[in-house]
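The values are calculated or read from the model by the stated rules, or taken from the named source; none is laboratory data. For clarity, every value in this text was computed on a predicted model and none was experimentally measured. Every residue, glycine among them, receives a Cβ derived from its backbone with ideal geometry; neighbour counts consider all protein chains shown. These area figures cover heavy atoms from the full protein model, side chains too; ligands, DNA and RNA do not enter into them. Shrake-Rupley method; radii C 1.70, N 1.55, O 1.52, S 1.80 Å.
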Amino acid sequence: MIKTVKLIFVIIAAALIFVFAAVTPLFACTGVIIGSDLTEDGRVIFGRVEDYDVNHNKVYKIVEAGKYKKGEIIKDVSRGKDGYEYEFPHDSYRFTAVSDTTPEYGIFDEAGFNEKGLMVDMTVSASANSAVKEVDPYLDGSFGERCGINEAIMATVVLGSSDSARAAVELIANEVAEKGAAEGNTFVVADKDEVWYMEIYTGHQFVAMKYPMDKFSVFPNTYWLGETTLDIGLETPNFNVSSDGNYIYSNEIFEVAKTAGTFAGNEAARIINLAASYAPEELTGNNRSRICSGIMHFKPEANIDENADSFDFLHESLKKISLEDVFTFTYNRLESIGKVADDFSDELYPIGNRNSLEAHVFVVNKNATEEYPGVMYLALGSPQVSPFVAYYPNQTDAIPQATNESNSFNTDSVYWTAMDIMHMVELNRGEFMKVVERRRNEAQARLVSGVFYTPADAEATTKKNMEDAALAFETLQKIREELKPMYETYLANNDVICDLGFGDGELIQKKGAYNRKLSPKLSDGGSIISFENEYGEPVEKLHGEVELKISVGTYGEGARFFAGDKEISHSVEDGFYVVKTDASRLEVELCEDLSERKSDAGEASGQNLMFVFIGIAALLLVAFIFRKK
């Protein structure tokens, strides 16, 4: 999932990152669907690992019926004044959601049940190739138009309005056809009878497929539907339905690809290869690593060419897939393809990575009812460390630690406790994950016991969920308590290489320098370097020395470094400034031939402001050209 943040300080920060050639994180959700014929107990399973970035709180919410009244218009604020708008045709249904805690950036309700038995999992972000986007561009506000529907608001619209999976697909089809889409997406909607997988390609093109129960699929961030027969069984003003009823698709799905020159298929036979026609020409490395490891996770006997140009969407499996298999899929780190994951590498990017905010797994009951279609297992925070807990369609409350909306680190939150553990694990994964796995696996075995798959009353499901969630949170607390002294001891006795966060180079945190892992922070147009911990909290005083290696190209030749009025000696080695210091704040002088330090605050301020404006202008230009969310 990729999210648009429009506050000015975020734009300025992004501009500074652009100016100083920072490496941006990969935002990459991964979805999964397992048909009922392939599961151990005959239940459908589907879900998603949500990726965005570290330190972005997620919570469980219950939204009561009638929150949005008939005729009420809600607006997507993630796109500013031109955001997508939706008018509710009736008072909204009651629904549950896994949500962001920054509504000023967009609602992002994302995954949950409604009172009509609808389940939604939205979304895995994707983007079409440039040729089809030129023919049918996203309605994202680039030219002052009203924006189309997007992931920030889609789940809220569908959960509040739709009473079945097919109705949800038709609602989105109508909205995309009439108002457009602001971005590309793939997602799943389901009810007790049907599971639908949908791909939104361009401003007005989409295809939804009723998912077959004898297959499984893994889908990271691109389009996966291959050769598909889209004949016309029913034609409506906004979409067509295939004669077998298994596909709902946009009226111009063939024409847009043909006009763009990307069409692959046989138009006379109504066959189109959707991925070849609409996806980018080449798979990115992080999509390739996740699709290969995901398929091999469920199908070890698969003969996969990791360098293939494309991969099938639908797969069979010789073994029956268990719920535990799906849990372990959410924190797969390329073990299934015999490689060592690297969360900062495009080529070795894993499904279970440092940017995972949460993971959810829906299990659809075999004899489901409309009001009680199944359960949703939820791991708040990274599923690498956080146990999955069953959440129910009709529960009326949740533990406060799962609904804690604080956006600052605190220990009374499931999400923040899990992420604190994740930060510690990254320091010494080989040893620290042993502690995590022992306690997490023990708790998980207890948490899948006694789950109410068949209908139970709200009092019983609420009590069961709160007991299980409390056990999971207690487990996280025990893991954190056990790891914290190990973590601090490691930092006291070992040098640690940390991400520089801007340009080329690295930060070497010498043993004993601080009791948390450090990150440099740029401010004042890059002329100030300070340090913060994993949560972005400023570090007032270091306990020892750190070593900064900064590419000369970041500041140009002749840069000088100061701690207050004292100049810090440095060397230049292999194109890098090497600066050793125990100061928590450095000032960088950019003038090349300066014999003594300038004291003219106005000149320095003007120079810093110039860097900010240049950065902002460059960022806005790139955003205008690419408009990629």
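Quick check: anything in region 84-92 open to solvent by 30 Å² or more (accessible area, probe 1.4 Å), small (Gly, Ala, Ser) and in contact with a helix residue (DSSP H, G or I) (Cβ under 9 Å, 6 or more places away or on another chain)?
First pass over region 84-92, keeping only residues open to solvent by 30 Å² or more (accessible area, probe 1.4 Å): 85, 87, 89-91.
Now narrow it down to the ones that are small (Gly, Ala, Ser): none.
Taking every residue of region 84-92 in turn, none turns out to be open to solvent by 30 Å² or more (accessible area, probe 1.4 Å), small (Gly, Ala, Ser) and in contact with a helix residue (DSSP H, G or I) (Cβ under 9 Å, 6 or more places away or on another chain).
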Quick one: in region 252-296, of everything that is over 30 Å from ILE321 (Cβ atoms) and among the hydroxyl-bearing types (Ser, Thr, Tyr), which residue is nearest to the chain's Cα centre (by Cα)?
-> SER277
Filtering region 443-458 for residues that are free of Cβ contacts under 8 Å to residues at least 12 places away in the same chain and in contact with a Ser or Thr (Cβ under 9 Å, 6 or more places away or on another chain) leaves a count of 0
Of all residues in region 356-378, how many are modelled with pLDDT of 95 or more and either under 15 Å from VAL451 (Cβ atoms) or out of contact with any Ser or Thr (no Cβ under 7 Å at 6 or more places or on another chain) (or both)?
-> 14
Is it fair to say MET419 is at pLDDT 95 or above, within 22 Å of VAL63 (Cβ to Cβ), of a type outside the set (D, E, K, R) and not in a loop (DSSP other than H, G, I, E, B)?
-> no
Return the residue satisfying two criteria in turn: it lies in region 111-154 and is open to solvent by 20 Å² or more (accessible area, probe 1.4 Å) and among the hydrophobic types (A, V, I, L, M, F, W, C), and of such residues it is nearest to the chain's Cα centre (by Cα).
-> LEU139
In region 559-579, which residues are farther than 20 Å from CYS498 by Cβ, among the β-branched types (Val, Ile, Thr) and open to solvent by less than 20 Å² (accessible area, probe 1.4 Å)?
-> none
Pick from GLU110, GLU134: which is acidic (Asp, Glu) and closer than 23 Å to ALA190 by Cα?
-> GLU110
With (1) among the small types (Gly, Ala, Ser); (2) farther than 22 Å from GLU426 by Cβ; (3) in contact (Cβ under 8 Å) with a residue 60 or more places away in the chain; (4) out of contact with any Lys or Arg (no Cβ under 8 Å at 6 or more places or on another chain) as the list, and GLY285 as the residue in question, which single condition is left unmet?
-> (2)
Of the residues in region 414-453, those that are surrounded by fewer than 16 Cβ atoms within 10 Å (Cβ to Cβ) and of a type in the set (Ser, Thr, Tyr) number 1
Hey, could you check region 218-260 for residues that are in a strand (DSSP E or B), out of contact with any helix residue (DSSP H, G or I) (no Cβ under 9 Å at 6 or more places or on another chain) and not aliphatic (A, V, I, L, M) and say which is surrounded by the most Cβ atoms within 10 Å (Cβ to Cβ)?
-> TYR247
Matching entry among THR236, THR229 (being among the β-branched types (Val, Ile, Thr) and in contact (Cβ under 8 Å) with a residue 40 or more places away in the chain) | THR229
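Take the residues in region 44-92 that are hydroxyl-bearing (Ser, Thr, Tyr) and part of a strand (DSSP E or B); name whichever of them is nearest to HIS423 (Cα to Cα). Walk me through it before giving the result.
The initial filter retains those residues of region 44-92 that are hydroxyl-bearing (Ser, Thr, Tyr), namely 52, 60, 68, 78, 84, 86, 92.
Filter once more, so that each one left must be part of a strand (DSSP E or B): 60, 86.
Working: TYR60: 22, TYR86: 39 Å.
The extreme case among them is TYR60.
When residues of region 429-442 are filtered for being without any contact (Cβ under 8 Å) to a residue 40 or more places away in the chain and not polar (S, T, N, Q), how many remain?
At the first step, the residues of region 429-442 found to be without any contact (Cβ under 8 Å) to a residue 40 or more places away in the chain are 429-430, 434, 437-438, 441-442.
Now restrict to residues that are not polar (S, T, N, Q): 429-430, 434, 437-438, 442.
The number of residues fulfilling the criteria is 6.
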Have a look at ARG79, ARG43 and point out the one that is within 24 Å of the chain's Cα centre (by Cα), of a type in the set (Lys, Arg) and either open to solvent by less than 40 Å² (accessible area, probe 1.4 Å) or under 26 Å from PHE298 (Cβ atoms) (or both).
-> ARG79
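Kindly indicate whether LYS463 is more than 24 Å from ILE62 (Cβ to Cβ) and not hydrophobic (A, V, I, L, M, F, W, C).
In short, no.
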